[in-house]
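Scroll down for the structure; my scribbles are underneath it.
The values are calculated or read from the model by the stated rules, or taken from the named source; none is laboratory data. Being a predicted model, the structure only gives us computed values, none of them experimental. Quick reminder, even Gly has a Cβ in these numbers, built from the backbone with ideal geometry, and neighbours come from all protein chains shown.
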């Protein structure tokens with residue numbers, strides 16, 4: 001029997017799509033940014049602003065986990081396989097997309113320098129414009145905890161229907177803490193000082209442990225909906 | 001061998017299956033019949049590992065089904081509500097997915113079935129008509145070449161010609177690669193000829209299990225002049241009747257003894273097999 005079939009499928013299909021999607025977004029930013037020059041001087045990083053969207057896109061994409069689980073089980077795979085392989089896919093996806101975005105920051109720096117534009121990042125960022133290792137780690141951490149959060153919320157609603165609303169509490173905690181640690185989701189009452197990539201990674205690992213545990217609790221023996229009452 | 005032992009499935013306070021004991025030898029085509037709410041979909045989804053039994057067990061060749069990838073990859077359940085992929089997936093993508101996820105998936109056979117049903121590979125699942133979605137489910141179900149293949153009302157929305165293609169392909173593939181097939185259907189007369197054995201579920205219990213020929217012998221269709229037929233069936237359990245001019249056909253439940261058969265011959269009444277559907281309706285409580 002082939003090993004890791006769910007992971008192989010997701011990497012060969014979904015990761016390719018997500019990479020092209022994000023790369024397309026970066027290219028779009030490169031094309032659209034000069035248009036803004038007609039109206040205002042450019043002082044902010046377009047990639048930095050666009051990258052903000054990834055936070056919620058990652059949560060939304062993670063939310064597709066429930067449908068993915070049902071499809072995988074319908075095709076003969078088990079919930080246990082899903083609970084192991086889907087998070088690995090999320091991790092690999094986060095690494096690839098974080099690398100892509102980091103590359104986009106670097107390419108943008110060259111472009112802005114050549115054009116003579118100033119380039120600032122948003123105030124809440126925890127990394128400097130040229131600190132690429134920190135940019136990579138921040139995006140990696142953000143993508144990881146956003147994807148897993150979307151996944152456990154989706155599977156909780158799939159399993160418990162309206163009762164899944166309880167999953168929003170840990171989800172809010174994960175997104176609030178993780179967002180504050182990585183600088184992508186900064187609430188005034190949930191700010192705390194985090195010093196550098198190691199601390200970001202620690203917060204993210206804790207968030208992922210919580211998220212994976214809740215994902216497992218939701219999926220371990222969930223019934224696939226079949227048109228009769230669940 | 002597919003076995004259930006004291007299988008129960010409950011939805012809250014409602015019991016969908018009551019302590020079901022079943023042993024289905026491999027390599028046969030079973031017809032699973034039952035009225036709406038009888039528990040057919042629940043039984044099939046439990047056999048496929050889509051849900052955990054509330055009590056009891058389901059095994060295939062002695063191994064438990066639920067969360068056992070060695071078994072579930074040998075089982076394919078095609079449901080009337082789809083579930084094969086996301087609505088935004090193209091058929092090509094779903095076939096690719098099935099080929100990765102299912103060890104026995106036959107890509108070449110799937111391609112030939114796609115052509116037979118004239119299904120557009122680049123169209124998304126959502127964009128298909130109801131009948132096309134059903135046909136696509138059948139493509140995946142047959143091409144999965146699973147040891148246990150189940151179709152739960154998988155023909156819904158398909159036109160008569162495509163249903164015939166389904167029957168032809170099912171029989172041809174079954175003949176070349178024998179496996180266990182369970183067909184759950186309300187098209188009893190149309191799909192009846194496919195069944196080797198019939199299982200009738202009623203209110204979550206196994207009401208009857210019989211070879212199809214044996215089941216048909218549990219009733220007789222009596223045809224002849226209306227008056228003679230009425231006299232002949234007097235005192236018997238009548239399942240249904242039809243009339244065309246002076247000729248009448250009455251279906252009765254129960255086998256006729258030799259005395260009645262001799263009487264029928266003397267009256268020149270024709271005796272024939274009973275329709276499965278009429279027996280089914282009678283056995284499950286009659287028409288409302």
Quiz item: Within the bounds of the range A:161-169, is there any residue that is at pLDDT 90 or above, crowded, with 17+ Cβ neighbours inside 10 Å and touching a helix residue (DSSP H, G or I) at 6+ places or on another chain (Cβ under 6 Å)?
Solution: yes
Quiz prompt | Residues located in the range B:34-50, provided they are in contact with a helix residue (DSSP H, G or I) (Cβ under 7 Å, 6 or more places away or on another chain) and either more than 16 Å from residue B:77 (Cα to Cα) or modelled with pLDDT under 95 (or both) | solution = B:34
Exercise. Answer yes or no: is there a residue in the range A:66-81 that is at pLDDT 95 or above, under 14 Å from the mean Cα position of the chain (by Cα) and either within 14 Å of chain B (Cβ to nearest Cβ) or on the phi < 0 side of the Ramachandran plot (or both).
Key: no
Self-check item: Given (1) touching a residue at least 12 places away in the same chain (Cβ under 8 Å); (2) assigned to a helix (DSSP H, G or I); (3) in the same structural domain as residue B:256 (by TED's automatic domain parsing), number of the condition residue B:223 does not satisfy
Solution: (2)
Quiz item: Restricting attention to the range B:269-288, which residues are out of contact with any helix residue (DSSP H, G or I) (no Cβ under 8 Å at 6 or more places or on another chain), in a loop (DSSP other than H, G, I, E, B) and at pLDDT 85 or above?
Solution: B:284
Quiz item: Residue check: is residue B:31 under 16 Å from the mean Cα position of the chain (by Cα), farther than 30 Å from residue A:3 by Cβ and part of a strand (DSSP E or B)?
Solution: yes
Quiz item: With respect to residue B:105, is the statement that it is away from chain A (no Cβ under 11 Å) and either modelled with pLDDT of 95 or more or surrounded by fewer than 22 Cβ atoms within 10 Å (Cβ to Cβ) (or both) true?
Solution: no
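Yes/no per residue for (1) under 26 Å from residue A:126 (Cβ atoms); (2) away from chain B (no Cβ under 14 Å); (3) modelled with pLDDT of 95 or more; (4) over 19 Å from the mean Cα position of the chain (by Cα):
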residue: A:25; (1), (2), (3), (4): yes, yes, no, no
residue: A:30; (1), (2), (3), (4): yes, yes, no, yes
residue: A:86; (1), (2), (3), (4): no, no, yes, no
residue: A:91; (1), (2), (3), (4): yes, yes, yes, no
Exercise. Would you tally the residues in the range B:70-85 being facing chain A (nearest Cβ under 7 Å) and surrounded by fewer than 17 Cβ atoms within 10 Å (Cβ to Cβ)?
Key: 1
Self-check item: Qualifying positions in the range B:86-100 - touching a residue at least 12 places away in the same chain (Cβ under 8 Å) and either surrounded by fewer than 19 Cβ atoms within 10 Å (Cβ to Cβ) or within 7 Å of chain A (Cβ to nearest Cβ) (or both)
Solution: B:86, B:87, B:88, B:89, B:90, B:92, B:97, B:98
Practice problem: Among the residues of the range A:117-141, count how many are in contact (Cβ under 8 Å) with a residue 60 or more places away in the chain and over 23 Å from residue A:207 (Cα atoms). | Solution: 7
Quiz item: Quick one: how many residues across the range A:1-26 are over 14 Å from residue A:82 (Cβ atoms) and in a helix (DSSP H, G or I)?
Solution: 15
Quiz item: What do you reckon, is residue B:188 modelled with pLDDT of 90 or more, in the same structural domain as residue B:160 (by TED's automatic domain parsing) and crowded, with 20+ Cβ neighbours inside 10 Å?
Solution: no
Self-check item: Residue satisfying all of: in the range B:113-143; in contact with a helix residue (DSSP H, G or I) (Cβ under 9 Å, 6 or more places away or on another chain) and more than 16 Å from residue B:84 (Cβ to Cβ); farthest from the other protein chains (Cβ to nearest Cβ) among these
Solution: B:118
